[in-house]
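Below is one structure; the comments refer to it alone.
The values are calculated or read from the model by the stated rules, or taken from the named source; none is laboratory data. Worth saying up front: this structure is predicted, and the values here are computed from it rather than measured. Because the Cβ atoms are built from the backbone with ideal geometry, glycine has one as well, and the counts that use them run over all protein chains shown. Heads up: the accessible areas ignore ligands, DNA and RNA and are worked out on the full protein's heavy atoms, side chains in. Shrake-Rupley method; radii C 1.70, N 1.55, O 1.52, S 1.80 Å.
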Amino acid sequence: MLNLNYSGEKTIHKVDFDIVSEHIVKIVGSLPAKTKGFTLSREGEEDDWDYLGFTNIYQQGDGEILFSDDGSVYIKPKPVVQFLVEGGGSLSGEVRQEAERFEQLIPPTVEVEENYSFAGWRPELPKEGEIERDMTFVASIRYVPTLEEAQEEKVVEMNAMQQTVIHQGVDVELSDGSIEHFTLTDQDQASLMALQSQVEQGAEFVPWHNANQENHCKYYKNADMAKIVQAALSFVIYQVTYFRDLRIYIRSLQTKEEVAAVTYGMPIPEAYQSQVLKDMLAQMEGGA
């Protein structure tokens, strides 16, 4: 450590010393900040170093003081805010700005390409407050599907719903009045079609299982197995027919709002119902 004496004072301060630049030096230690210039020396040595010209406080922090000999003072640089944009858009205006507060910023105008929209800044751009550090804001650009794309996305969604509904299966009332539920996965459907031949050949009992996984497989009477197969076939045919008509209806819609409102199972306007679907609906209403 070095001994520091302010000009005209006898008090000695134990400090560390560093030359920052030609006109700036740094003192680290517990001492008051004074604009009198100073000398430095080593303990027990007569080798005073003259810094009497460093009479200006350049910057002061916790436990350290920077002095300058040219009158300069530290000016904290303003934070730099940058604006970027994702694909599908461009920025018009200053994309690099220096500011101390958010209200001083002038965000660039976001110009989007066709079928894109501006979804806001990421992170959200504050309207006011102090800017404490350099920051970057990205204009989030969202692709807006065309009507045709929205229609096809909805068709894919409804097709997935059709498969889910079919796989969930159907209730069947058996000859003794009991009702059992049967799943109709692709494997179930293939197996039922194979078992149909046993029914047609007059087998008295046909092995099968219901949807309850806690139940074992069991033998169903020929008449009951015929009901199960017929119910499964009718259910699948109805769902396939309904989806095909629903798909045609979706592709006829004129707005994306109409497309978004479509749900699986909704009534299809009669103008878009096939004759097969009309007959099925009439039969279902008659059965009810």
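Tabulated data for the structure shown
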{"read-out": "Within region 166-191, considering residues that are among the acidic types (Asp, Glu) and open to solvent by 40 Å² or more (accessible area, probe 1.4 Å), the one farthest from VAL240 (Cα to Cα)", "value": "ASP176"}
{"read-out": "Test: residue in region 215-226 that is open to solvent by 60 Å² or more (accessible area, probe 1.4 Å), over 28 Å from VAL199 (Cα atoms) and within 45 Å of the chain's Cα centre (by Cα)", "value": "no"}
{"read-out": "Residue in region 195-210 that is open to solvent by 70 Å² or more (accessible area, probe 1.4 Å) and under 19 Å from TYR238 (Cα atoms) present", "value": "no"}
{"read-out": "Answer residue from region 100-117, given it is among the acidic types (Asp, Glu) and part of a loop (DSSP other than H, G, I, E, B) and is modelled with the lowest pLDDT among those", "value": "GLU114"}
{"read-out": "Subset of region 119-165 (residues that are assigned to a loop (DSSP other than H, G, I, E, B), touching a helix residue (DSSP H, G or I) at 6+ places or on another chain (Cβ under 8 Å) and either surrounded by 14 or more Cβ atoms within 10 Å (Cβ to Cβ) or not acidic (Asp, Glu) (or both))", "value": "LEU125, PRO126, LYS127, GLY129, ILE131, PRO145"}
{"read-out": "Given (1) in contact (Cβ under 8 Å) with a residue 60 or more places away in the chain; (2) within 24 Å of ASP279 (Cα to Cα); (3) outside any helix (DSSP H, G or I); (4) open to solvent by 70 Å² or more (accessible area, probe 1.4 Å), index of the condition THR263 fails", "value": "(1)"}
{"read-out": "Pairs with Cβ under 8 Å, 6+ apart, first in region 205-227 and free of Cβ contacts under 8 Å to residues at least 12 places away in the same chain, second surrounded by 16 or more Cβ atoms within 10 Å (Cβ to Cβ)", "value": "ASN215/HIS209; HIS216/HIS209; CYS217/TRP208; CYS217/HIS209; LYS218/TRP208; LYS218/HIS209"}
{"read-out": "Selection count where residues are among the hydrophobic types (A, V, I, L, M, F, W, C) and part of a loop (DSSP other than H, G, I, E, B), scope region 266-288", "value": "3"}
{"read-out": "Given (1) open to solvent by 60 Å² or more (accessible area, probe 1.4 Å); (2) outside any loop (DSSP other than H, G, I, E, B); (3) more than 16 Å from THR164 (Cα to Cα), index of the condition GLN254 fails", "value": "(2)"}
{"read-out": "Neighbours by Cβ (under 8 Å, 6+ apart or cross-chain): first from region 8-36, within 14 Å of ILE57 (Cα to Cα) and in contact (Cβ under 8 Å) with a residue 40 or more places away in the chain; second among the β-branched types (Val, Ile, Thr) and open to solvent by 90 Å² or more (accessible area, probe 1.4 Å)", "value": "VAL25/ILE19; LYS26/ILE19"}
{"read-out": "Members of region 6-28 found to be in a strand (DSSP E or B) and surrounded by fewer than 17 Cβ atoms within 10 Å (Cβ to Cβ), listed by number", "value": "LYS14, ASP16, PHE17, ASP18, ILE19, VAL20, SER21, VAL28"}
{"read-out": "Filtered residues of region 37-60 (kept if open to solvent by 80 Å² or more (accessible area, probe 1.4 Å), without any contact (Cβ under 8 Å) to a residue 24 or more places away in the chain and within 19 Å of GLY71 (Cα to Cα))", "value": "ASP50"}
